[in-house]
Amino acid sequence: MFPEVGSEVIVFCEPASARVVAVNSRYITIEWPWRGIDDSSNFRWDGTFSLPHGESDPEWVPYLLEPAASELRAGDVCTVSIPPTRLHVGHYEEYDPPRHLGWAPAPTAGIYVLPPERADYADDEDAGCMLYLGSADPVRLNPVDD
């Protein structure tokens, strides 16, 4: 499936357990449960992912943490997922060969998604989130048939 820019998709990702590495006023950093570090890559990824949290942060991601980020501290274990969510496609790109970003397996595509109410801000990198496909992250897309 090649999502068209401007279309809407249902995005979801099965839950997985993750350990909290750090929490500050803007971000919660967790050990990313799906990817492995690719030591052969020129990019150095440390195995973590930082998610924005708090009402004042303009950044947005579709990931849900349970319990909520406000309840978590370093060392805690949480669940990270994307519940089925209807999202706007800001852009889509395929990578041939796969794009080496420091983790394995390397993704074969990327889709920039944002909530429909933010669709007019698709050029603002904080309005949405790039999700990588064809990698270990179990992100799934379904077209919206309205």
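In table form, for the structure just shown:
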read-out: Residues located in the range 88-104, provided they are surrounded by 15 or more Cβ atoms within 10 Å (Cβ to Cβ) and within 25 Å of residue 46 (Cα to Cα); value: 95, 98, 99, 100, 101, 102, 103, 104
read-out: Leading residue by the ranking (nearest to residue 91 (Cα to Cα)) among those in the range 1-42 that are of a type outside the set (Ser, Thr, Tyr) and touching a Cys at 6+ places or on another chain (Cβ under 9 Å); value: 34
read-out: Pair list, Cβ < 7 Å and 6+ apart or interchain, from the range 110-126 residues that are farther than 18 Å from residue 52 by Cα to residues that are acidic (Asp, Glu); value: 110/93; 116/8
read-out: Inter-residue pairs, beta-carbon under 9 Å, first closer than 20 Å to residue 17 by Cα and in the range 79-99, second among the hydroxyl-bearing types (Ser, Thr, Tyr) and outside any strand (DSSP E or B), 6+ apart; value: 80/63; 81/63; 82/63
read-out: Which listed residue is hydrophobic (A, V, I, L, M, F, W, C) and loosely packed, with under 15 Cβ neighbours inside 10 Å, from 68, 109; value: 68
read-out: Residue that is farthest from residue 102 (Cα to Cα) [pool: residues in the range 22-35 that are out of contact with any Gly (no Cβ under 8 Å at 6 or more places or on another chain) and surrounded by fewer than 16 Cβ atoms within 10 Å (Cβ to Cβ)]; value: 24
read-out: Complete set of residues in the range 60-86 that are modelled with pLDDT of 95 or more, of a type in the set (A, V, I, L, M, F, W, C) and assigned to a loop (DSSP other than H, G, I, E, B); value: 72, 74
read-out: Yes/no for residue 45 being touching a Cys at 6+ places or on another chain (Cβ under 7 Å), more than 15 Å from residue 139 (Cβ to Cβ), assigned to a loop (DSSP other than H, G, I, E, B) and of a type outside the set (A, V, I, L, M); value: no
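The values are calculated or read from the model by the stated rules, or taken from the named source; none is laboratory data. Nothing here was measured: the structure is a model prediction, and the numbers come from that model. Note: ideal-geometry Cβ built from the backbone for every residue, glycine included; neighbour counts use all protein chains shown.
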